[in-house]
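One structure below.
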Amino acid sequence: MMTDPLADVLVRMQNAARRGHETVTVPASRLKAELLRVLKAEGFISDYERAIADGHPVLRIRLRYVGEGQPIITGLRRISKPGKRVYIGTRDVRPVMGGMGLAILSTSKGLMTGQESRRAGLGGEVLCHVW
């Protein structure tokens with residue numbers, strides 16, 4: 001039984017990038033699709049699509065690389081976990097990796113980056129950091 005589906009997506013993406021895979025497939029959910037939408041908008045992945053595999057809905061993620069197989073995503077960290085939720089206010093949103101990374105927050109207006117949430121004046125649950 002999987003207790004943290006977002007951590008599963010992050011780990012699968014990180015492992016696939018380290019092995020140099022072009023795509024990775026994960027079980028589908030709306031939250032995962034929103035996470036991938038934000039990652040695509042910020043340029044961390046090439047694309048994602050919904051598909052059916054063995055009769056179950058999945059998300060097929062195309063990873064992005066630069067140069068000679070260097071993955072764009074060099075690190076992923078799950079911040080808010082099922083056992084310890086982490087919430088921050090608008091003023092507490094900080095840059096990740098000196099501005100080179102990205103914080104993804106779950107706000108009342110949906111998933112958005114740390115910068116977007118600060119501009120919108122919203123706080124929320126910090127799901128993960130990506131760099």
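Data overview
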quantity	calculated
Test: residue in the stretch 98-110 that is assigned to a strand (DSSP E or B) and more than 18 Å from the chain's Cα centre (by Cα)	no
Residue check for ALA41: of a type in the set (A, V, I, L, M) and farther than 21 Å from MET112 by Cβ	no
Residue that is modelled with the lowest pLDDT [pool: residues in the stretch 82-106 that are touching an Asp or Glu at 6+ places or on another chain (Cβ under 8 Å) and within 18 Å of ARG30 (Cα to Cα)]	PRO82
Counted residues, the stretch 73-92 - those being under 27 Å from LEU63 (Cα atoms) and either in contact with a Lys or Arg (Cβ under 6 Å, 6 or more places away or on another chain) or in a loop (DSSP other than H, G, I, E, B) (or both)	6
Test: residue in the stretch 113-125 that is assigned to a strand (DSSP E or B), surrounded by fewer than 13 Cβ atoms within 10 Å (Cβ to Cβ) and either touching a residue at least 60 places away in the same chain (Cβ under 8 Å) or out of contact with any Cys (no Cβ under 7 Å at 6 or more places or on another chain) (or both)	no
Failed item in (1) under 26 Å from GLY20 (Cα atoms); (2) within 18 Å of the chain's Cα centre (by Cα); (3) surrounded by fewer than 19 Cβ atoms within 10 Å (Cβ to Cβ); (4) not β-branched (Val, Ile, Thr), with ASP54 passing the rest	(2)
Cβ pairs under 7 Å, 6+ apart, first in the stretch 82-106 and without any contact (Cβ under 8 Å) to a residue 40 or more places away in the chain and of a type in the set (Ser, Thr, Tyr), second part of a helix (DSSP H, G or I) and surrounded by fewer than 18 Cβ atoms within 10 Å (Cβ to Cβ)	none
Residue that is surrounded by the most Cβ atoms within 10 Å (Cβ to Cβ), among those in the stretch 73-84 that are out of contact with any Ser or Thr (no Cβ under 6 Å at 6 or more places or on another chain) and under 19 Å from LEU111 (Cβ atoms)	ILE73
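Residues checked against (1) under 21 Å from MET97 (Cα atoms); (2) surrounded by fewer than 19 Cβ atoms within 10 Å (Cβ to Cβ); (3) modelled with pLDDT of 95 or more:
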| site | (1), (2), (3) |
| --- | --- |
| ALA16 | no, no, yes |
| SER29 | no, yes, yes |
| GLU42 | yes, yes, yes |
| LEU59 | no, no, yes |
| VAL66 | yes, yes, no |
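The values are calculated or read from the model by the stated rules, or taken from the named source; none is laboratory data. None of the values given here were measured: they were computed from a predicted structure. Cβ: placed from backbone, ideal geometry, glycine included. Neighbour counts: every protein chain shown.
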